[in-house]
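Comments concern the structure below.
The values are calculated or read from the model by the stated rules, or taken from the named source; none is laboratory data. In this text, all values refer to a predicted model and were calculated from it rather than measured experimentally. Here the Cβ is made from the backbone with ideal geometry for all residues, glycine too, and neighbour counts use every protein chain on show. Only protein heavy atoms, including side chains, enter the accessible area calculation; ligands, DNA and RNA are left aside. Shrake-Rupley method; radii C 1.70, N 1.55, O 1.52, S 1.80 Å.
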Amino acid sequence: MARGDGIDRTNARNMRLTAAKIGNTQQHNEREKDSYVNQDIVPERTSLNVHFKVPSAGYQEMFSQMEADGVISTRGIKADAFRYGELVFDVNSAYFYNHGGYDFAKQFYTDAYKSAIKIVGGEQYILSALIIDFIRTPPSFIRTCADECGNPIP
């Protein structure tokens, strides 16, 4: 995110995911992969990740349980439809470094998580939410996976 021009940047995006893609997203977010292509990933930094909501099972299993419990409905949705949204807040490290460091970053993302709950319509629609800190020059992320079945993420 940093471009060397001294300007802090934030990126917030919603990635629309199909059922076929949610497994890879879970493996990435929850650090379940054995290896990563990105050479800047430092697996030893995984302990710095902060979960705001720890998944109770695999993302697909949680989604299926939500459907079984009537929390969501997938009636009429095609098998290859976008069923999940991943809301990602990405802020360059320099911003946090210049405004109070890691404690400031954790508070920033605590507030972002509270906003994400409002955006998706309630915490019950969030499968997992965490700050991922595993890059050599760590940006921080909060990733929330929520269903789009009647609860679209703008």
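Annotations
- Pick from the range 107-116, criterion open to solvent by less than 70 Å² (accessible area, probe 1.4 Å) and out of contact with any Lys or Arg (no Cβ under 9 Å at 6 or more places or on another chain), ranking: nearest to Met66 (Cα to Cα): Ala116
- Identification of helices (runs of 4 or more DSSP H) wholly contained in the range 1-103 with 3 or more residues that are among the aliphatic types (A, V, I, L, M), modelled with pLDDT of 85 or more and more than 13 Å from the chain's Cα centre (by Cα) yields 59-68.
- Residues (β-branched (Val, Ile, Thr) and open to solvent by less than 40 Å² (accessible area, probe 1.4 Å)) located in the range 12-51: Thr18, Ile22, Thr25, Ile41, Val42, Val50
- Leading residue by the ranking (nearest to Ile131 (Cα to Cα)) among those in the range 52-83 that are of a type in the set (A, V, I, L, M, F, W, C) and open to solvent by 80 Å² or more (accessible area, probe 1.4 Å): Val54
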